[in-house]
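Take a look at the structure set out below.
The values are calculated or read from the model by the stated rules, or taken from the named source; none is laboratory data. No experiment lies behind these values; they were computed from the predicted model shown. Counting neighbours? That spans all protein chains shown, and the Cβs are built from the backbone with ideal geometry, glycine included. Just so you know, the surface numbers come from the protein's heavy atoms only, side chains and all, with ligands and any DNA or RNA stripped out. Shrake-Rupley method; radii C 1.70, N 1.55, O 1.52, S 1.80 Å.
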Amino acid sequence: MTPPQDHMPAKSGSSRIGLGIVEFIIMIALMTASISLGIDSMLPALPNIGQSLQVANPNDTQLVIGVYFLGFGICQLFFGSLSDTYGRRRILLGGLAFYTVTLFAAAWSGSLFALLTLRFAQGVGAAAVRITTLAIVRDCFGGREMARVMSYVMIVFMIMPMVAPFLGQVIVAYSNWQWIFILLGIICAGLFFVAVFRMKETLPVEERLPLSVASVLSGFKTVLTNRITCGYMIGLTLYTGVICAYIVSVQQVFGEVYGLGDWFPIAFAATAAGTAVAQFANGYFVRSFGMRRISHAAMILFTLLGVLGYVVGVFGQPSFAFIYVLISIMLMMFAVITTNCMAISLEPMGHLAGTAAAITSSISTTGGVVLGGIVGQMFDGTAQPMIAGFTIFGILSILATLWAERGKLFTHPGDTPALEPGMGHV
């Protein structure tokens, strides 16, 4: 029997990457954070972009965020396979270079269509960076050492949504929105040159896999015919729709409906901090209560809060304090749900977990972008469309979970302390 991964000896990271552990973590964290920076720094600039490019419908500026997510979601699966065949370094450098060029090009966009085309391309480059950085960590470290490295990387990733809106706000306050793309381009160009000179290939030639359409199709068949994996993937898609709807709508809801103005980055940062706290709390309590109990309870609470928010909104515009606290708690539930649902969806996959993760992530991101974009386009000067979308997604996720678990919540025949992922093995 293969020992649980949590107890496997760590691979020798230093021998494969040729870097000290601190430098390695900083490099991977900054590359991963550049993806989040490309999203969250845009939020304060959306009204400026709309005015500069003479966008007739203010809702259309949401697409600056949506199409980035779309390119990011669609291409994750492909870059996973390409990096397994051609190596991590080549795909990483290509992704960083492409990301950098499209960032600079976006600063000279003369129309919304041109900007959206480049934003989609930026999502493609970001997908290459995201997949290869994760693969590099897997190549270099195993077991608890990998978990330790990823925890440090995720701390930086979670801090970025708190910092990025401030960066965007400062730039649009003292200059124009184009400088956001120029600054991001300079940062990514720096990361590219650091990777060229410091990052070695981490996947030996003898460990590479042939590129095969059949293997990809087989992976899709395995994922889509497994009840647990497919059911929780539907749930992940719906909750990706939640976060996409929030991100594309939040500037209009907080900034226009409630007139936060310069306080918007602070409000956005605080909700991001809440999701980070929820993630840490989940990591602590999951050992005692299990993933299903926590995630299923969070789904129900999320949905009930959505119903409450919508009903209150029917009788008039709620106060900002009410909406803000409501959304903040719902996003904390979102963080708990998605973390556990991804782990549960991979339970039945065994040795196909890597392929299943790529497929699940690609489908849920792409589908979630479409759903979130639909909700964002329904903005009518109130928070009601966003809250209604949250509620509908919550209800549907409960139904998908009931289908996956054959009508039962909170428990599963395989839920035992020895088998529950997160309580001994990954």
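Shown here for the stretch 263-332: chymotrypsin sites (Phe, Trp or Tyr not before Pro) in loop regions (DSSP other than H, G, I, E, B) with at most 13 other Cβ atoms within 10 Å, namely Phe315. If R0 is taken as 22 Å, the Cβ-Cβ distance between Phe410 and Leu308 corresponds to a FRET efficiency of 0.50. Under the simplified labelling scheme, the Glu206-Phe157 pair shows an inter-label distance of 3.2 nm, with each label point 7 Å from Cα along Cα→Cβ.
When Rg and Dmax are taken over the Cα atoms of the stretch 14-138, they come to 16.1, 56 Å. Shown here is the pair-distance distribution of the stretch 87-131: with all Cα-Cα distances grouped in 5 Å bins from zero up to the longest one, the shares run 5, 27, 29, 18, 12, 6, 3, 1 percent. Each of Ser81, Ser215 has its accessible area taken with a 1.4 Å probe; listed largest first, they run Ser215, Ser81.
Computed over the alpha-carbon atoms, the stretch 213-410 gives an Rg to Rh ratio of 1.00, Rh here being the Kirkwood radius from the mean inverse distance.
Rounded to the nearest 0.05, the FRET efficiency derived from the C-beta distance between Ser288 and Ile21 at R0 = 22 Å is 0.10. For the chain, the alpha carbon convex hull comes to 133 Å³ per residue, rounded to a whole number. The modelled label-to-label distance between Val213 and Phe322, using points 7 Å beyond Cα along the C-beta direction, is 5.6 nm. Relative to the current alpha-carbon distance between Ala173 and Ile186, full extension at 0.36 nm per residue lengthens the span by 2.7 nm.
With contacts defined as alpha carbon pairs under 8 Å and 6 or more residues apart, what's the relative contact order of the stretch 213-410 in percent? Relative contact order, the stretch 213-410: 49 percent.
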